[in-house]
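As structure tokens, the structure follows; a few thoughts come after it.
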Amino acid sequence: MVKYSAATLNRTFAALADPTRRRILAHLARGSSRVTHLARPHAMSLPAVSKHLRVLEKAGLLRRCRYGRVHEMQLEATPLKQAAQWVEEYRKFWEGSLDQLANYLQKTNSTKIKPKTKERS
């Protein structure tokens, strides 16, 4: 398995755990956006949205660019890629385990159950 930084994965998954932050990331996947535009679709104050943005920033999931008083946010997808790779390793493990179980069940069922043959009179 590939080695990953536990701290980085923890921050990434913690940031992704909140639906508001996931919606913000989905919005940023379409392109960079100002903080005020990111706050509009959410029924919360601008300071509350800013807290979510700071969590995403600390997780390395977005980058902030300042132009005077305007703050523009951009998606930084590298931590998402690392998290996806980490999950992929476990998907391979579980699929392999399930394949082994299916093979075992198929072998045990084929030895225990024999097809019935019809007798002709």
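The values are calculated or read from the model by the stated rules, or taken from the named source; none is laboratory data. Worth saying up front: this structure is predicted, and the values here are computed from it rather than measured. Positions of Cβ are backbone-derived with ideal geometry, glycine not excepted, and every protein chain shown enters the neighbour counts.
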Just need a number here: residues in the range 29-77 that are assigned to a helix (DSSP H, G or I) and either within 20 Å of residue 10 (Cβ to Cβ) or among the basic types (Lys, Arg) (or both). 8
Does the range 33-53 include one or more residues that are closer than 26 Å to residue 88 by Cα and within 20 Å of the chain's Cα centre (by Cα)? no
Can you name the condition, by its number, that residue 26 falls short on among (1) in a helix (DSSP H, G or I); (2) among the aliphatic types (A, V, I, L, M); (3) touching a residue at least 12 places away in the same chain (Cβ under 8 Å)? (3)
In the range 43-63, residue modelled with the lowest pLDDT [restricted to those that are in contact with a helix residue (DSSP H, G or I) (Cβ under 6 Å, 6 or more places away or on another chain) and more than 21 Å from residue 7 (Cα to Cα)]: 46
